[in-house]
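Down below is the structure, laid out as structure tokens.
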Amino acid sequence: MRITDQLRDAVVEALAAAQGQGVLPSAGAFEITIEQPRDQGHGDFATSLPLKLARTMKMAPPIIAAAIVDAFPDDADVKNVEVAGPGFINITLADAWFQSQVEAIRAAGSEFGNTDSKTGQKIQLEFVSVNPTGPLHVGHARGAVIGSGLANLLEAAGADVTREYYVNDAGNQMRVYTETLYSRYMQAAGYDVPLPETSYPGEYVAEQAQQIFEDDGGALADLPKEEAIAALYKPGLERNLALIKTDLEDLNIIYDVWFSEQSLFDSGRFDTTMKELEDDGFIVDRDGARWFASTQLGEDKDNVVIRSSGGHTYFASDIVYHAEKFKERNFDQVIDVWGADHHGHVARMNAAAKALGIDPDKLTIILNQLVSFKEDGESLRFSKRKNVIVTVRDLIEDVGADAVRYTFLSRGAESQMEFDLDLARKQSPENPVYYIQYAHARLSGILRNAVEKGIDWADGDVSLLTHDLEIALVRQITALPDVVDRAADRLEPQQVPHYATEVARALQRFYDACRVISENEDDLPVSKARLKLVEAAQIAIARCLSLMGMNAPERM
RNA sequence: GCGCCUGUAGCUCAGCGGAUAGAGCGCAGCCCUGCGAAGGCUGAAGUCGUGAGUUCAAAUCUCACCAGGCGCACCA
């Protein structure tokens, strides 16, 4: 059992005992929280329960606290329970408990930190899902990192996670891209064909056209325009998806499913879902177009699903896509990570979910605020349309994938952030990302040295770990499962890097004060015990880094 | 105009209704002929945007205002 649960149970038991003896009156429903106080003088764990009960019990908090403390059950793991401050109960654990955790963590190995709070839940995370019309630009990196970080967390919490990229291969933008590709292809063939009115002016399209031209020997140049465009669709799409996939893989993001929008039409699901909505009265015809009647569900206005020109809107296929997620694949929870520029899409998607009879609690949309980038003291604006692309690839090559992941992961999705490129490059060695990785490398180094010296610490006695900084380090490490649960529950991946920094700090302080490998033969028992602690710390930091999708270097 | 998000140290950002608000960078110092100094220690630095309210307790919840971001398409 998790120590926090164990302590919560003990508090419940103590409270019930005090009430049974008539020392405390009964109280209504309440939640007992066990917190880890910031200040170590306040014990290892604390609860503010007496403060919360004061009102209903009509008693002073310190008196309630004293009654609970008096009735607190005996527990070998607990060293001390006391009333503190205005009515807190501070709990200090026995060293023996911390010592035993070192062995438990070593036994758990890379499984350490996993919990079962989301076990049995089938969760889909859809993120990035950028139009497959070119390479990812830096603005997309944040959603990519947040989405994948969340996926890792939910998986650690026991969920069955599907990481999914929705490929908009059936929309307008793809059409615009392919028309641009056609013009570039014709240019490669030597014809003076201008770019279409709306186009993707980026150089990469010309390069792709050149490649395709060389591959097929220019055969498409003789075809009628529409036929050539149709023929260019597939090679263009494949090239763009390859670019996107490579960039994401370099950010350590591997998807389980690449879901094609076009497949919704090929399978007939688009028509059946639209029919379903129409039968339920949610589709109305007006001004030559078909509308989803969001207003029936309390929204400000209706939204077009089929344009008067005949084509479907992005919204239309997204409705069908979400119907597929819930009704075909039966996800218990669907989390979409979108950029804040998709804000306007949220309310109508929620309305659509309601119309489809989907439990609104099962669809969570995370909007990550857009990132602005700063260089030479000036804010940069990126626009595919204006041919000013700084790609994810540029960013990775500039500051490194680990630093990119750390930077985006350590901030809440809703915070508006500015990415200072100069700072990221110049101060890279000072970046906290290296603080964590350095800690891991240092631990690896110690273990390496121990092996070289022929020390076998398997029989190390952890009860020799009594130094304040040893216990403090174990205390930090053991919090990982709680961090995973809380971060997964609140969908806040930024808690992991902050926690990891704290573990690294505890480690460095321990390292500074406690020599692990000694030249003195008499110190061998302590060395062996500390090697076990070093191993446990390495396991914890490596787990944090893996949750963050970052490398855990043995050397730096 | 309406809606959502944000405002915490010089900068970039954490912060779970609780105890003396934290970290990194930057700044002023100290510490390696001992396992990696990409480290440790000390210090300076804060009207938690402003004002009110709820509460035993507010950076955290509510309201108003100020400032910024985003959205309010037969774009995605």
Query raised in the report: Residues A:303, A:330: which one is of a type in the set (S, T, N, Q), within 8 Å of RNA strand B (Cβ to nearest atom) and either in contact (Cβ under 8 Å) with a residue 24 or more places away in the chain or surrounded by fewer than 18 Cβ atoms within 10 Å (Cβ to Cβ) (or both)?
Result: A:303
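For every residue, the table says whether it meets (1) within 32 Å of the chain's Cα centre (by Cα); (2) more than 16 Å from RNA strand B (Cβ to nearest atom); (3) touching a residue at least 12 places away in the same chain (Cβ under 8 Å); (4) within 25 Å of residue A:321 (Cα to Cα).
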residue: A:185; (1), (2), (3), (4): no, yes, yes, no
residue: A:226; (1), (2), (3), (4): no, yes, no, no
residue: A:237; (1), (2), (3), (4): yes, no, yes, yes
residue: A:254; (1), (2), (3), (4): yes, yes, yes, yes
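What do you reckon, is residue A:325 basic (Lys, Arg) and crowded, with 19+ Cβ neighbours inside 10 Å?
yes
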Report summary line: Quick count over the stretch A:333-373, residues being more than 13 Å from RNA strand B (Cβ to nearest atom), of a type outside the set (A, V, I, L, M, F, W, C) and touching a residue at least 12 places away in the same chain (Cβ under 8 Å), is 4
Query raised in the report: If we keep just the residues of the stretch A:278-300 that are within 12 Å of RNA strand B (Cβ to nearest atom) and surrounded by fewer than 12 Cβ atoms within 10 Å (Cβ to Cβ), which is nearest to residue A:353 (Cα to Cα)?
Result: A:300
Query raised in the report: Here are some conditions: (1) in a helix (DSSP H, G or I); (2) in contact with a Leu (Cβ under 9 Å, 6 or more places away or on another chain); (3) more than 30 Å from residue A:326 (Cβ to Cβ). Residue A:200 meets all but one. Which one does it not meet?
Result: (1)
Query - the stretch A:171-197 - residue that is closer than 27 Å to residue A:263 by Cα and either of a type in the set (A, V, I, L, M) or in a loop (DSSP other than H, G, I, E, B) (or both) and, of those, modelled with the lowest pLDDT - result: A:171
Query raised in the report: Of all residues in the stretch A:256-300, which are outside any loop (DSSP other than H, G, I, E, B), within 33 Å of the chain's Cα centre (by Cα) and without any contact (Cβ under 8 Å) to a residue 12 or more places away in the chain?
Result: A:263, A:266
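Would you say residue A:376 is of a type in the set (Asp, Glu), surrounded by fewer than 17 Cβ atoms within 10 Å (Cβ to Cβ) and either modelled with pLDDT of 85 or more or under 20 Å from residue A:165 (Cβ atoms) (or both)?
No, not satisfied.
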Report task. Name, by its number, the condition in (1) more than 30 Å from residue A:116 (Cα to Cα); (2) of a type in the set (D, E, K, R); (3) assigned to a helix (DSSP H, G or I) that does not hold for residue A:555. Result -> (3)
Query - Enumeration of residues in the stretch A:207-222 that are free of Cβ contacts under 8 Å to residues at least 12 places away in the same chain and at positive phi - result: A:217
**Report entry** Positions within the stretch A:503-518 being touching a helix residue (DSSP H, G or I) at 6+ places or on another chain (Cβ under 6 Å), surrounded by fewer than 19 Cβ atoms within 10 Å (Cβ to Cβ) and in a helix (DSSP H, G or I), in sequence order
**Finding:** A:509, A:513
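Taking the stretch A:118-130 only, how many residues are surrounded by 19 or more Cβ atoms within 10 Å (Cβ to Cβ) and either part of a strand (DSSP E or B) or among the small types (Gly, Ala, Ser) (or both)?
Summing the residues that are surrounded by 19 or more Cβ atoms within 10 Å (Cβ to Cβ) and either part of a strand (DSSP E or B) or among the small types (Gly, Ala, Ser) (or both) in the stretch A:118-130 gives 6.
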Query raised in the report: For the stretch A:457-474, how many residues meet the condition of being assigned to a helix (DSSP H, G or I) and either farther than 20 Å from residue A:37 by Cα or touching a Leu at 6+ places or on another chain (Cβ under 8 Å) (or both)?
Result: 7
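The values are calculated or read from the model by the stated rules, or taken from the named source; none is laboratory data. Just so we're clear, the structure is a prediction, and the values are computed from it rather than from any experiment. Positions of Cβ are generated from backbone atoms using ideal geometry, with glycine treated the same way; all protein chains shown enter the neighbour counts.
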